[in-house]
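Everything on this sheet refers to the single structure shown next.
The values are calculated or read from the model by the stated rules, or taken from the named source; none is laboratory data. Everything quoted here is computed from the prediction, not taken from an experiment. Positions of Cβ are generated from backbone atoms using ideal geometry, with glycine treated the same way; all protein chains shown enter the neighbour counts.
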Amino acid sequence: MNKTFDLSQERLILEKGQSFHSAFQPYSERDFSSSAIAIDSVQEVLSLSKRKEYSGVWRKLFYEHLFILDSQNVKLTLDPIYHFEYTKESDGRDETLFKNSRGFLLLLQLGENVAVGSSFLENQARLPSYVAQRVDATDVAYGQGRVKQLDTAYYDFAMSSAYLTYSPSDWINLTIGHGKHFIGNGFRSHLLSDLAFNYPYLKIKTNWLDGKLQYQNLFNLYQDLERVPSNEQTEELFERKMGATHYLSIIPHPKIEIGLFESTIYPSIDTSGKQEIPFQAYVPILFLNTLADDSDILAQNLGLNLSIKPIEDLMVYSQLSSQNLDEGLTSFQIGAKYFLMNGLRIGVEFNSVKTDSIFGYHHYNESLGLPYSGNQNEIIGSAQYMWKRWNLLARGNLYQGDVEQRFMMGELSYMVNPAVNSNLYVNLTHRDVDNLLLFSFGWRTSLQNLYFNY
């Protein structure tokens, strides 16, 4: 769920989601159908319903998927996805900054229980100086995979995603895919973020006690771009890791959601090319890996997620995280978001990190949690207003650590086609640590979260 265009959907969840588990994202249509929220209502809010009163060309441009095959038991949609952007940077560089991304999105629904999705995106970009510095340090393009540098701050990179999901009954769902996840109700996540690149995964989701309890198990294959030393003549392999994440969500009251979180990462390759993973890593029991206290553990993150709706249209949320039990609490979050009126949301969030994150809690050289570490405090303030197809967003970040930094962003966009979040936009960004001003405009399909405010 893209954070910029989720306002209407979030308002509906806040108003009617008495038994909706909102922290583990992305959501599925089945999540809505099994809660108090009808999927037809969600689609109507997002303007995804067909407009038969318009001509075919008009509907394709402004309302529908490009290609639709809809029979009794099969529904197939196919769309182009893209991001064309031009940016002017105030640092005196002569080059025009740009993004040029092209790809496709395919969605297939087979009956009521099986769904398939696949996408691919090829990118070329000349990036702002501070983003290019981060890419050069990690060899990764802000959560979109390894880069091939073509020129100064000019990169080529690609990203693919896919999933196959099956629901044999109302209480269980199985998904295998290549993608990313987010746990939390705020802008940042201390537990599991969608900041890093896609990874192969198997997810098991079960619902109990009439939807008041939901348990999700996520088994991942992670990789960092560090070579494993080898005595063989062949090229050294990248460091590979196996992750086991368990999340138990409880709704004891319609206004309260509590989540217990455990994520453990084991090395799956050594100098011999293979390393045995202990049996408990494959057992879907919360905190079993913690109790086992295995010396082979690369990284572990334990946490608590909490959201409360004290009054109508207000959500207060929090996270606690410990990446090392011996050090106790290592980071925490507290925030709130409030709908002042229909279409207008304001929010404030405070994040604090007390220690450096453990190296192993990374994938593709990027964090699986926060984009920073080490005695850092961050305050995020935001205001967003949506009216019909118009969206106005303002967000500010204040960082306090070794260096104090402010990051301000304002964006105005127009939703061309809500079926794939196709929108035209203009963006003005200021980063005061290097007195950098960026002005951007473009046309994009907003289907993922990308983070540049650091």
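Residues in region 158-192 that are under 25 Å from THR4 (Cβ atoms) and of a type in the set (Gly, Ala, Ser): ALA158, SER160, SER161, ALA162, GLY177, GLY179, GLY184, GLY186, SER189.
The set of residues in region 57-79 that are loosely packed, with under 15 Cβ neighbours inside 10 Å and touching a residue at least 60 places away in the same chain (Cβ under 8 Å) contains only LEU61. Scanning region 118-134 for residues that are more than 14 Å from MET159 (Cβ to Cβ) and surrounded by 14 or more Cβ atoms within 10 Å (Cβ to Cβ) returns ARG126, LEU127, PRO128, SER129, TYR130, VAL131, ALA132, ARG134. For first residues located in region 235-259 and free of Cβ contacts under 8 Å to residues at least 24 places away in the same chain, partners that are not charged (D, E, K, R) and lie 6+ apart or on another chain with Cβ distances below 7 Å form the pairs GLU236/VAL228; GLU236/PRO229; GLU236/SER230; PHE238/GLN223; PHE238/LEU225. Against the conditions (1) hydroxyl-bearing (Ser, Thr, Tyr); (2) in a loop (DSSP other than H, G, I, E, B); (3) touching a Gly at 6+ places or on another chain (Cβ under 6 Å), where does TYR222 fall short? Just the number, please. The number of the failed condition is (2). Here's a check for you: in region 259-274, which residue that is in a loop (DSSP other than H, G, I, E, B) and either touching a His at 6+ places or on another chain (Cβ under 6 Å) or under 26 Å from HIS181 (Cα atoms) (or both) is modelled with the highest pLDDT? Only one residue fits best here, namely SER268.
What is the residue count in region 161-185 for residues that are closer than 26 Å to LEU370 by Cβ and either over 20 Å from the mean Cα position of the chain (by Cα) or assigned to a strand (DSSP E or B) (or both)? Walk me through how you get there before you give the answer.
So in region 161-185, the residues closer than 26 Å to LEU370 by Cβ come out as 161, 163, 175, 177-185.
Then drop every residue that is not either over 20 Å from the mean Cα position of the chain (by Cα) or assigned to a strand (DSSP E or B) (or both), which leaves 161, 163, 175, 177-179, 182-183.
Qualifying residue count for the region: 8.
The single condition among (1) under 22 Å from THR175 (Cα atoms); (2) surrounded by 14 or more Cβ atoms within 10 Å (Cβ to Cβ); (3) of a type in the set (Asp, Glu) that GLU112 does not meet is (2). If only residues of region 399-430 that are polar (S, T, N, Q) and more than 22 Å from the chain's Cα centre (by Cα) are counted, the one that is nearest to HIS65 (Cα to Cα) is GLN405.
Can you name every residue in region 136-172 that is of a type in the set (A, V, I, L, M, F, W, C), under 17 Å from SER367 (Cβ atoms) and surrounded by fewer than 19 Cβ atoms within 10 Å (Cβ to Cβ)? Talk me through it step by step, then tell me what you get.
Filtering region 136-172 down to residues of a type in the set (A, V, I, L, M, F, W, C) leaves 137, 140-141, 147, 150, 153, 157-159, 162, 164, 171-172.
Cutting the leftovers down to under 17 Å from SER367 (Cβ atoms) gives us 137, 140-141.
Selection gives ALA137 alone.
Results for (1) surrounded by 13 or more Cβ atoms within 10 Å (Cβ to Cβ); (2) of a type outside the set (Phe, Trp, Tyr); (3) at pLDDT 95 or above, shown as yes or no for each residue.
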position	(1), (2), (3)
LEU225	yes, yes, no
VAL228	yes, yes, no
ASN231	no, yes, no
THR234	no, yes, no
LYS241	yes, yes, no
TYR247	yes, no, yes
ILE250	yes, yes, yes
PRO254	yes, yes, no
GLU257	yes, yes, yes
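Filter region 353-370 down to the residues that are of a type in the set (Ser, Thr, Tyr) and either under 20 Å from the mean Cα position of the chain (by Cα) or surrounded by fewer than 16 Cβ atoms within 10 Å (Cβ to Cβ) (or both) and list them by number.
Correct list: SER357, TYR361, TYR364, SER367.
For region 18-68, what are the residues that are part of a loop (DSSP other than H, G, I, E, B), modelled with pLDDT under 75 and either over 20 Å from LYS388 (Cα atoms) or within 24 Å of the chain's Cα centre (by Cα) (or both)? Selection gives GLN18, SER34, SER35, ALA36, ILE37, ALA38, LEU46, SER47, LEU48, SER55. If you take the residues in region 315-341 that are surrounded by fewer than 18 Cβ atoms within 10 Å (Cβ to Cβ) and over 19 Å from ARG395 (Cα atoms), which one is modelled with the highest pLDDT? Residue satisfying both the conditions and the ranking: LEU329.
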